[in-house]
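Worksheet: the structure to be examined is printed underneath.
The values are calculated or read from the model by the stated rules, or taken from the named source; none is laboratory data. This is a predicted model, so every value here is computed, not measured. Neighbour counts are summed over all protein chains in view; Cβ atoms, including those assigned to glycine, are modelled from backbone coordinates with ideal geometry. Side chains included, ligands, DNA and RNA excluded: accessible areas come from the protein's heavy atoms. Shrake-Rupley method; radii C 1.70, N 1.55, O 1.52, S 1.80 Å.
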Amino acid sequence: MKTDQKGGLIRRFREAVESLEIPEELLGQPTVTLEGDKSAWIEGHRGIVRYEDDRIEIAAKGCLIRFCGKELRLAVMDRDDIRIVGRLSSVEY
């Protein structure tokens, strides 16, 4: 791809973001969704740093997300998402 084409794509992307009124600082940031104290979905992770049955640490853009609890395990993991299940007692970032 030529440089001028790449610049045009970047400009169009920024225009699309502005039209949706999504703050730029949120783009690429992780999203954590808790489902009570039984599970958590993490979108936009960058890998697992620590994995134990009472603590799981996930790398994300600019931070580390720590899940503590009992009987924790990964139920789903793919390129973008992780689902942790077990008895969650805390989430730190």
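Summary table
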{"item": "Filter result (among the small types (Gly, Ala, Ser) and modelled with pLDDT under 95) within segment 60-83", "result": "Ala60, Gly62"}
{"item": "Residue selected from segment 29-39 under the condition more than 12 Å from Val91 (Cα to Cα) and part of a strand (DSSP E or B), by the criterion least open to solvent (accessible area, probe 1.4 Å)", "result": "Thr31"}
{"item": "Those residues of segment 29-56 which are more than 12 Å from the chain's Cα centre (by Cα), small (Gly, Ala, Ser) and closer than 14 Å to Ala75 by Cα, in sequence order", "result": "Ser39"}
{"item": "Pairs with Cβ under 8 Å, 6+ apart, first in segment 41-68 and in contact (Cβ under 8 Å) with a residue 24 or more places away in the chain and among the small types (Gly, Ala, Ser), second part of a strand (DSSP E or B) and open to solvent by less than 40 Å² (accessible area, probe 1.4 Å)", "result": "Gly44/Ala60; Ala60/Ile42; Ala60/His45"}
{"item": "Condition met for Ser90 (loosely packed, with under 11 Cβ neighbours inside 10 Å, modelled with pLDDT of 95 or more and of a type outside the set (A, V, I, L, M, F, W, C))", "result": "yes"}
{"item": "Meets criteria (farther than 17 Å from Ser90 by Cβ and either at pLDDT below 95 or in a strand (DSSP E or B) (or both)) for Ile48", "result": "yes"}
{"item": "Single residue of segment 40-82 satisfying the filter (touching a Ser or Thr at 6+ places or on another chain (Cβ under 8 Å) and open to solvent by 70 Å² or more (accessible area, probe 1.4 Å)) that is farthest from Gln29 (Cα to Cα)", "result": "Lys70"}
